[in-house]
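Worksheet: one structure, shown below.
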Amino acid sequence: MTDRGKRTTNSLIVAWTAAIIVFIYLPAVCGLLASLTGSRYFLFPIQKWSLVWWGKTFASLEIRSLLDTSITIALIVTTVSVVIAFFGALAFARYNWRGRKLYQRLVLLPIFFPQSVLGLALLLWFNTLGMELSWKTAVLAHLVWITPVVTLVISIQVYSFDPALEEAAEDLGANRWQVLREVTLPVLWPGIFSGALFAFLLSWGNFPLSLFTTGADSTVPEYLYAKMVAGYTPGVPVMGTVSTIGAAILLLGGYGLISLVRRRRGH
Amino acid sequence: MVSGRPPILRLRGVTKHFGELAAVDRIDLDITEGEFFTIVGPSGSGKSTLLRMLAGMEKPTSGDILLKDQRINDLPANQRPTCMVFQSLALFPHRSVGQNIEFSLKIRGMDPALRRKRALELMTQLRLPLAYYDKSVTRCSGGERQRVALARALAYDPQILFFDEPLSAIDYKLRKTLEKELKDIHRETGKTFVYITHSLEEAMVMSDRIGVMRAGRLVQVGTPNEIYTTPRDKFVSEFMGEVNVIDVTAGATGRVSAGGLGAEFTAPPAPAGFSRGHLVIRPEFMRFLGSPSEADNHLTGTLYNEYALGSRIQYQVRVGDLVFIIERLRQQALAARLDDRVLFGWDAKDSILVAE
Amino acid sequence: MTGAAPEAASVTRGLSVLGRLLSPGPRNASPLLLLLAIGFVAPLVAIVSFSFGEPRSFDVFQAPTLANYRTIIEETFYQSFLWSLSFAALTVVFLAIICYPVAYGLVRVFGRWSNLITLFFVLPLFISENVRLYGWILFFIKGGVLLGGIKALFGVDMESVLFTPPMIVFGMIYVYLPFMLFPMTLGLSMVPTDVTEAASDLGASRWQVFREVELPLAMPGITIGAMLTFVLGIGAITEAKVLGGQSIIVITHDIEIAFTYSQNWPLGAALSVLLMLVVGVLVLAVLSRFDLDRILRRR
């Protein structure tokens, strides 16, 4: 391929990708615009620019309680899923055992499963067990879907883990706990951190599972959906923009942190 | 040489099965305290498995491993007074040089100030700049990493050090330097070193004794000189590199008959009960002749190929189906051209007779 | 406090005995397997048993009946299923074409920037779909960004394109883009540059290199991306509800209605079983063709 031909193709690819990125973030921009209106309804172009709805949202007690619920669920889900997924990832990627191929497929299955159907199935299951639906049952629902994802993320890090490191530590005199604490966990830390980040963000933003399993409690996405269907206020795009920016900060911050650690380790 | 001291490590019928396959097959071996013993073999010969059993990372299927007359088969790696230097070095990437070296001491609860002192001692002994104490190991060069790995292994003063082909992934020049340094460290510390490699050349540089392994069995054990001059069989003799091998049968005293070449050769004294085997002549002992009387044995062939190998030139001469290799120094390049007929030969004392 | 201690000690002792009995693989897998057993397998088993229950009842311990399955075939439910399949298939086709250049860019063109650009594509995954799709409502609705802008600039009053079936596909393309993009990128990264250069060097045109070398070698990634998108697309519900304005009822929506408004759990369960079968067969068929270790190890 000629050099000029290659350059044209490359610029086309860059242009195409830029267009797709615009396409992806256009709704977020619209959301931001809709949050900055002074009136109760959204009409473009905006006549009266104002931050009044931002103020109202942050002052709202209802929003505070929703944030509380969402964050509590997310924190619990993150902690539990990371612990379970850590061991699950070792079984996924490190050790060779007889059921491993079957185990890998089983772990991936919930990720491919339609979430709304999973949510409804859990609703049915919880009812059969006679459990009352609340944010606690939502935690379990999130765990079922999110833990396999975190397992996958940590597994990717485990695949590049040199088992000789553990053997060396043992050879130098460390017992099993010391090996785990001094070698395995620190070396796998970037993968674990990414997994925790994923877990938090996926739980925070989850809608289908929360919808069916929170019962009387409500998370932020559920509230937003209800308001979208009936009772729209510009508070909805406010929360939407807050979610987007919050997720962006966490993601970029997490990525920056991991790059730093990777560079210090000489990768 | 360290003969005369008691064996520190004894192997009796050590075997390891993986399913049907015997990766290590009834090894009997005594390793003397303080010696530099190298196990040499091609890939798949079982040397890695054997080493791992000695270090405690695998358990033998049968047989006994005795450390100073104490059976250690069931003793896990972290309780053995031995230490291994891995092929990948297995340096902890998240720790500095000093932290890597001190690891075994930290595990045993040694005081931080004492640890640091010991680490700096080792760094001096291994010629690592003291300023490297806080340096991340991933920033160190290949040679420096080797030294850190060695320092780490020496830190808690183990009785035996095991080496799993640590120099195999390094370029030639650095390897030569490190081989010499390892030999010096061995002499300075006086510890027993058990080393494995696939390169007989490397083993010859460093070892007091060598064990040649093939398909799980120890084929020959001896000093480097013994292995080189009196290889027990064709495999061992070929292990050093390219040699000339002629299939022969016993003839009159001091003579052997090469049926394939339709000739008889003067040979060194045959081993007891020798009837069939191989006559082995190293390329550096073959030479081109002006007339048949210049050597004990001679052959005529066609000059087939010529290779420049640094300080030497290698000539390949075809005689019927066989190809003979002759090496000369570069300054003594031959005047003959390819496809010329050449006369070459060797003296009986420079050849080795091995049984089938 | 003192009463709890000996009990806890015996539990931990029991667990450590169990732990020592199992080899490291199964031992590490057991917490996750336990979670999946009670949180994934059990509900699905419950669904299957409910699907054989009396229609409209909540009692599953009666004589099993196929009434629900018959309802699916006799009434129009199979239609919503076909709609779901078609939407998912269309989404896969469009996304394959849209994502390929981007995936190619990420692997071959963007160099140092690839990681950062990937981050831009990853971020949307962490924002709930309804928030993202609502942005499109704000864009396309009457008086919204697009139509309001056109009216202000050109004085033209246009009809909103929202709440129609094509909008559902549009929404699905939007939501599932990352799920096609990332496996595709992974697949393309498995095509070594020297192989494509060799093909070029041997005289192949750009199109031929693509057809003979790139596409076949990237196939595992592309297939996984297509399967992931398709399977998730079948399970899509928010696009049809929010962007489609319920002009089309998709299968997942039907399931939801059966479970909530109609209070007909057995029917909902039967519909779910149908969906699960299609999804399960597809996923297992594609996954068993690939060695996951080899694909995931290439980082």
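Scanning region C:82-139 for residues that are charged (D, E, K, R) and either under 20 Å from the mean Cα position of the chain (by Cα) or over 25 Å from A:Leu251 (Cα atoms) (or both) gives C:Glu129, C:Arg132. Checked against the criterion of being within 30 Å of B:Gly241 (Cα to Cα) and either not in a strand (DSSP E or B) or not assigned by TED's automatic domain parsing to the domain that holds B:Leu50 (or both), region B:102-110 has no qualifying residue. Of the residues making up region B:62-101, just one is facing another protein chain (nearest Cβ under 9 Å), surrounded by fewer than 18 Cβ atoms within 10 Å (Cβ to Cβ) and outside any loop (DSSP other than H, G, I, E, B), namely B:Gln79.
Of all residues in region B:1-26, exactly one satisfies the criterion of being of a type in the set (Val, Ile, Thr), closer than 23 Å to B:Lys191 by Cα and modelled with pLDDT of 90 or more, namely B:Ile8. Are any residues in region A:2-18 modelled with pLDDT under 80 and either exposed (fewer than 12 other Cβ atoms within 10 Å of the Cβ) or within 22 Å of A:Leu224 (Cβ to Cβ) (or both), and if so, which ones? If the condition is that a residue be modelled with pLDDT under 80 and either exposed (fewer than 12 other Cβ atoms within 10 Å of the Cβ) or within 22 Å of A:Leu224 (Cβ to Cβ) (or both), then A:Thr2, A:Asp3, A:Arg4, A:Gly5 are the ones that fit.
Here's the yes/no breakdown for (1) out of contact with any His (no Cβ under 6 Å at 6 or more places or on another chain); (2) over 30 Å from A:Ser160 (Cβ atoms); (3) surrounded by fewer than 18 Cβ atoms within 10 Å (Cβ to Cβ):
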| residue | (1), (2), (3) |
| --- | --- |
| C:Glu239 | yes, yes, no |
| C:Leu243 | yes, yes, no |
| C:Ser247 | yes, yes, yes |
| C:Val250 | yes, yes, no |
| C:Thr260 | yes, yes, yes |
| C:Pro266 | yes, yes, no |
| C:Leu271 | yes, yes, no |
| C:Ala285 | yes, no, yes |
| C:Leu292 | yes, no, no |
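Looking across region A:45-77 at every residue that is within 13 Å of chain C (Cβ to nearest Cβ) and of a type in the set (S, T, N, Q), the one that is surrounded by the most Cβ atoms within 10 Å (Cβ to Cβ) is identified as A:Ser70. The listed residues are C:Gly233, C:Gly221, C:Gly203, and the only one of them that is more than 11 Å from every other protein chain (Cβ to nearest Cβ) and either crowded, with 22+ Cβ neighbours inside 10 Å or closer than 23 Å to C:Ser114 by Cα (or both) turns out to be C:Gly221. Of the residues examined, A:Ile21 is one that is closer than 23 Å to C:Gly144 by Cα, in contact with a helix residue (DSSP H, G or I) (Cβ under 8 Å, 6 or more places away or on another chain), assigned to a helix (DSSP H, G or I) and aliphatic (A, V, I, L, M). Selection of first residues in region C:125-146 that are touching a residue at least 24 places away in the same chain (Cβ under 8 Å) and of second residues that are surrounded by fewer than 22 Cβ atoms within 10 Å (Cβ to Cβ) and of a type in the set (S, T, N, Q), restricted to Cβ pairs under 7 Å at least 6 apart or on distinct chains, gives the following pairs, ordered by first then second residue: C:Phe140/C:Ser160.
Put simply, of C:Thr118, C:Thr76, C:Thr65 the only residue that is in contact (Cβ under 8 Å) with a residue 24 or more places away in the chain and either more than 28 Å from A:Ile146 (Cβ to Cβ) or not hydrophobic (A, V, I, L, M, F, W, C) (or both) is C:Thr118. Tallying residues that are touching a residue at least 24 places away in the same chain (Cβ under 8 Å) and surrounded by fewer than 17 Cβ atoms within 10 Å (Cβ to Cβ) within region A:160-190 yields 2. Of the residues that make up region A:78-94, is at least one assigned to a helix (DSSP H, G or I), crowded, with 18+ Cβ neighbours inside 10 Å and either among the charged types (D, E, K, R) or on the phi > 0 side of the Ramachandran plot (or both)? Among the residues of region A:78-94, at least one is assigned to a helix (DSSP H, G or I), crowded, with 18+ Cβ neighbours inside 10 Å and either among the charged types (D, E, K, R) or on the phi > 0 side of the Ramachandran plot (or both), which makes the answer yes.
Condition check ((1) in contact (Cβ under 8 Å) with a residue 60 or more places away in the chain; (2) among the acidic types (Asp, Glu); (3) farther than 29 Å from C:Val278 by Cβ) across all residues:
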{"site": "C:Asp157", "(1), (2), (3)": "no, yes, yes"}
{"site": "C:Met167", "(1), (2), (3)": "yes, no, no"}
{"site": "C:Ala199", "(1), (2), (3)": "no, no, yes"}
{"site": "C:Val213", "(1), (2), (3)": "no, no, yes"}
{"site": "C:Gly221", "(1), (2), (3)": "yes, no, no"}
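All but one of (1) more than 7 Å from chain A (Cβ to nearest Cβ); (2) buried (at least 17 other Cβ atoms within 10 Å of the Cβ); (3) at pLDDT below 90 hold for C:Val92, so report the exception by its number. Only one criterion in (1) more than 7 Å from chain A (Cβ to nearest Cβ); (2) buried (at least 17 other Cβ atoms within 10 Å of the Cβ); (3) at pLDDT below 90 is unmet by C:Val92, namely (3). Taking residues in region C:80-107 that are closer than 16 Å to A:Ala15 by Cβ, and partners anywhere that are of a type in the set (D, E, K, R), the pairs with Cβ atoms closer than 9 Å and at least 6 places apart or on different chains are C:Tyr104/C:Glu214.
No other residue among C:Tyr134, C:Tyr69 is in a helix (DSSP H, G or I), touching a Phe, Trp or Tyr at 6+ places or on another chain (Cβ under 9 Å), aromatic (Phe, Trp, Tyr) and closer than 19 Å to C:Ala269 by Cα apart from C:Tyr69. For region A:19-44, filtered to residues that are at pLDDT 90 or above and surrounded by fewer than 13 Cβ atoms within 10 Å (Cβ to Cβ), the residue that is farthest from the chain's Cα centre (by Cα) is A:Ala19. Counted as qualifying within region B:5-51 are the strands (runs of 3 or more DSSP E) with 1 or more residues that are among the basic types (Lys, Arg) and on the phi > 0 side of the Ramachandran plot, namely B:21-32.
Restricting the first member to region B:121-143 and to residues that are more than 14 Å from chain A (Cβ to nearest Cβ), and the second to residues that are outside any helix (DSSP H, G or I) and at pLDDT 95 or above, no beta-carbon pair is closer than 8 Å while six or more apart or on different chains. Being more than 24 Å from A:Trp189 (Cβ to Cβ) and over 18 Å from the mean Cα position of the chain (by Cα) is a description that applies to A:Leu51.
The residue list A:Leu143, A:Leu120 contains one member that is among the aliphatic types (A, V, I, L, M) and over 18 Å from C:Phe126 (Cβ atoms), which is A:Leu120. Residues that are in contact with a Phe, Trp or Tyr (Cβ under 9 Å, 6 or more places away or on another chain), in a helix (DSSP H, G or I) and surrounded by fewer than 16 Cβ atoms within 10 Å (Cβ to Cβ) do occur in region C:96-115.
When we screen C:Leu162, C:Leu177, C:Leu146 for residues that are assigned to a helix (DSSP H, G or I) and either more than 8 Å from chain A (Cβ to nearest Cβ) or over 17 Å from C:Ile222 (Cβ atoms) (or both), the only hit is C:Leu146.
The values are calculated or read from the model by the stated rules, or taken from the named source; none is laboratory data. These numbers come from a predicted model, not from an experiment. Cβ coordinates were reconstructed from backbone atoms using ideal geometry, including for glycine residues, and neighbour counts include every protein chain displayed.
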